[in-house]
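Contents: one structure, followed by commentary.
The values are calculated or read from the model by the stated rules, or taken from the named source; none is laboratory data. Treat the numbers as computed from the prediction; the structure is a model and nothing was measured. As a convention, Cβ positions derive from the backbone with ideal geometry for all residues, glycine included, and neighbour counts pool all protein chains shown. Surface areas here come from the heavy atoms of the whole protein model, side chains and all, with no ligands, DNA or RNA. Shrake-Rupley method; radii C 1.70, N 1.55, O 1.52, S 1.80 Å.
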Amino acid sequence: MENTLIEKQLKAAADLNRIKLLACMKNGEVCVCDFVDVLGISQPAVSQHLRKLKEAGIITERKVGTRKHYRLVEEQTPLMKGILEQIQPLNGCNCSTDCSHVGGTDNE
């Protein structure tokens, strides 16, 4: 594993809000709208945290309508496997609203 990847992953995992995001994703894929509710911070702030996790190769995203859904990458580095094993899953991270209709779109 390259030192730059180790550095990116350690920096990405060294923030309490990003740890909470990872805890949410331990239960599966999560819509960006749910992260805003769980963390209690603005959507742009959540997006910045998600960007850092994505750049570190820890999470991936897929677009559903106008919303993005995030999940843990299946093949984690040994470093991230160890870190993720220590993070307890966080409940209450499932879509409480119909995300496919938020923002006036009917895409699913």
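How about the stretch 76-94: which of its residues are open to solvent by less than 40 Å² (accessible area, probe 1.4 Å) and touching a residue at least 12 places away in the same chain (Cβ under 8 Å)?
Initial filter on the stretch 76-94 (open to solvent by less than 40 Å² (accessible area, probe 1.4 Å)): 76-77, 80, 82, 84, 87, 93.
Residues satisfying the conditions are 76, 77, 80, 84, 87, 93.
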### Message
Which condition from (1) more than 15 Å from residue 19 (Cα to Cα); (2) open to solvent by 40 Å² or more (accessible area, probe 1.4 Å) is the one that residue 71 breaks?
### Response
(1)
### Message
What's the number of the only condition in (1) buried (at least 17 other Cβ atoms within 10 Å of the Cβ); (2) modelled with pLDDT of 95 or more; (3) not polar (S, T, N, Q) that residue 31 fails to meet?
### Response
(2)
## Note on the structure
If we keep only residues of the stretch 48-65 that are open to solvent by less than 80 Å² (accessible area, probe 1.4 Å) and either in contact with a Gly (Cβ under 6 Å, 6 or more places away or on another chain) or modelled with pLDDT under 95 (or both), then the residue farthest from residue 4 (Cα to Cα) is 65
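How many residues are polar (S, T, N, Q) and modelled with pLDDT of 95 or more if we restrict to the stretch 66-76? Let's see the steps before the verdict.
Within the stretch 66-76, the first condition is being polar (S, T, N, Q), and the residues that meet it are 66, 76.
Now narrow it down to the ones that are modelled with pLDDT of 95 or more: 76.
The number of residues fulfilling the criteria is 1.
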### Elements of type helices (runs of 4 or more DSSP H) contained in the stretch 1-41, each with 2 or more residues being under 10 Å from the mean Cα position of the chain (by Cα)
16-25, 32-39
## Note on the structure
Taking the stretch 1-50 and keeping residues among the charged types (D, E, K, R) and within 22 Å of residue 91 (Cα to Cα) leaves 15, 18, 20, 26, 29, 34, 37
